[in-house]
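The structure appears right after this line, and notes come after that.
The values are calculated or read from the model by the stated rules, or taken from the named source; none is laboratory data. This one's a predicted model, so the numbers in the text were calculated from it and none came from an experiment. Please note: Cβ atoms are built from the backbone with ideal geometry, for glycine as well, and neighbour counts cover all protein chains shown. Please note that ligands, DNA and RNA were not included when accessible areas were found on the heavy atoms of the full protein model with its side chains. Shrake-Rupley method; radii C 1.70, N 1.55, O 1.52, S 1.80 Å.
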Amino acid sequence: MQHLQITPEEITMETAGIYERMRRVVPPFEWAVHAPFVAEINRLKRQRNAVILAHNYQTPEIFHGVADICGDSLALAQKAVEVEAETIVVCGVHFMAETAKVLNPGRRVLIPDLQAGCSLADSITANDVRRLKAENPGVPVVTYVNTTAAVKAEVDICCTSANAVEIVESLGSDRVIFLPDQFLGRWVADNTDVEIILWNGRCEVHEQFTVSDVQAYRLQFPGVTVIAHPECDLSVLKEADMVGSTSGMIRYVADRRPERVVMITECSMSDNVSTEFPDVEFVRSCTICPHMKRITLENIRDSLLHLQHQVEVAEDVSERARLSVERMLAVGRGQGK
Ligand code: 13P
Ligand code: SF4
């Protein structure tokens, strides 16, 4: 790990008050490694007139240490529209950076690691969508935002895990094609009368959770409240006390203050959220998204330093993808999930 010229005094100044936000989950010996990077990043952000958008699955030193805006996919899309800074660094996966670029084409959008992908985004292409539309003429198509801009460009409207049911119902159709997450699609189908035509995509993280995992948590941690992300299998979701997007999960904990909770989702969520709720016991369910974890303090620093890796979307694709995302933003956030 290489550091730029930064003095101990500058590190102290640039990181004042920041460790307090994560001390419950980041031990002092780890903070000693992170602090110089956090200092460099915060200095570079000012020099580059940049803001950092971070998904809720980023590690605590990113989430609490350098991010300006944190949230779920929907919140990040909404906030991206409002960003006035010259540069946006997306600490998340590639489709999130593409969405930020599509919504904010005049800004420089950077992702610290171009390989930060997503098994859902990889499961479908624009050609697949064109074929599905030809096979189902007149049936409206919804895509989860976990897709490439090229796929978004082919559909009628996007959705996120926070508003999927609301978006499907907003179309006023008896049948809807729902892409690409078959698990989220089944959850939607279970919560609406609209007939859902599914694709076969899956999130490689959430597909790992099973009903016996949930049952084991309940047995081992009596009274635990189980909250699950709708990218899990329907059988798992039926065992949960609450189902919602990552931000929906955070709001649930904030409002209900359960004594004990387990979040059936990516690992870093509990770390990030637990710092704010010392009165809640978080049972850790640790399943890591390898794509989210490609983003590190070191490559964020390098991203700002070398203005890499710039995310570009071809203009015709961008315009059509933007319409799909804007139609979603016009429908709204859903039932607070
Ligand atoms: P949300 O944060 O929108 O719930 O999505 C979760 C996810 O898997 C992002 O990759
Ligand atoms: Fe994709 Fe799943 Fe990782 Fe989210 S958690 S980025 S859906 S692979």
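Odds and ends about this structure:
- Two-site label geometry, S235 and V211: point separation in nm, points 7 Å out along Cα→Cβ: 0.5 nm
- Computed over region 22-134, the range of Cα coordinates on each principal axis works out to 58, 29, 22 Å, biggest value leading.
- Residue with peak Gaussian network fluctuation, the chain [Cα springs, cutoff 10 Å], from A149, A54, A134: A134
- Under 17 Å from the Cα of K152 - aspartates and glutamates, other chains or at least 8 residues apart: E98, D122, D128, D181, E312, E315, D316, E319, E326
- What the phi angles of region 84-89 give under the Karplus curve with 6.51, -1.76 and 1.60, with θ = phi - 60°, is a coupling list of 9, 4, 5, 10, 10, 9 Hz, glycine and proline written as x.
- Antiparallel %, DSSP beta bridges [both residues in the chain], to 5: 5 percent
- Taken over region 82-151, the convex hull of the Cα atoms encloses 101 Å³ per residue.
- Normalised Debye scattering of region 178-276 at q = 0.12 Å⁻¹ gives log10 I(q)/I(0) of -0.39, counting only Cα atoms as equal scatterers and leaving out solvent.
- Extension gain (nm, one decimal) between I197 and R24, 0.36 nm per residue minus Cα-Cα: 57.8 nm
- Backbone amide hydrogens, once placed in the peptide plane, bring C159 within less than 5 Å of T143, Y144, V145, excluding anything fewer than 5 places away on its chain.
- Accessible area in square angstrom per residue, the chain, 1.4 angstrom probe: 42 Å²
- Taken one residue at a time, the phi angles of region 92-106 give Karplus couplings (6.51, -1.76, 1.60, θ = phi - 60°) of x, 10, 4, 5, 5, 5, 4, 4, 4, 5, 4, 7, 9, x, x Hz. Gly and Pro are set to x.
- Spin-label model, R131/E326: points 7 Å from Cα along the beta carbon direction are separated by 3.2 nm.
- The residues neighbouring Y57, those whose beta-carbon lies less than 15 Å from its own, together hold a net charge of -4 under the Lys/Arg +1, Asp/Glu -1 convention.
- Net charge, L120 excluded, C-beta distance under 9 Å - Lys, Arg +1, Asp, Glu -1: -3
- For A314 and E10, the FRET efficiency from 1/(1 + (r/R0)^6), where r spans their Cβ atoms and R0 equals 56 Å, is about 0.85.
- For T225, distant residues with modelled amide H under 5 Å away: R260, V261, V262
- Histogram of C-alpha separations across region 70-187, 5 Å bin width, %: 2, 12, 21, 23, 19, 12, 7, 3, 1
- For V243, distant residues with modelled amide H under 5 Å away: A228
- Of S123, F63, I41, farthest towards positive along the dipole that unit charges on Lys, Arg, Asp, Glu beta carbons give region 20-165: I41
- Dipole in debye (nearest 20) - the chain, about Cα centre, beta carbon charges: Lys, Arg +1; Asp, Glu -1: 220 debye
- Residue-averaged [θ]222 nm for the chain, counting only DSSP H segments that reach four residues, each worth -39500 (n - 2.57): -12000 deg cm²/dmol
- Proximal lysines relative to K238, as straight alpha-carbon distance under 23 Å, when same-chain residues fewer than 8 apart are discounted: K337
- Evaluating 6.51 cos²θ - 1.76 cosθ + 1.60 at θ = phi - 60° for every residue in region 188-196, the Karplus couplings come out as 4, 4, 6, 10, 8, 8, 5, 6, 10 Hz, glycine and proline recorded as x.
- Ordering of 256-269, 156-169 by packing [mean C-beta count within 10 Å, highest first]: 156-169, 256-269
- Entry note: the chain has Rg to Rh equal to 0.98, where both radii use alpha-carbon atoms and Rh is the Kirkwood radius.
- The relative contact order of the chain, computed from alpha carbon pairs under 8 Å that lie at least 6 residues apart in sequence, is 22 percent.
- Note on region 22-80: with neighbouring protein chains present and a 1.4 Å probe, carbon and sulfur make up 53 percent of its accessible heavy-atom surface.
- Relative packing of 214-223, 304-313, which averages over residues the other C-beta atoms within 10 Å, highest first: 304-313, 214-223
- With only the Cα atoms considered, region 232-295 has a convex hull volume of 91 Å³ per residue.
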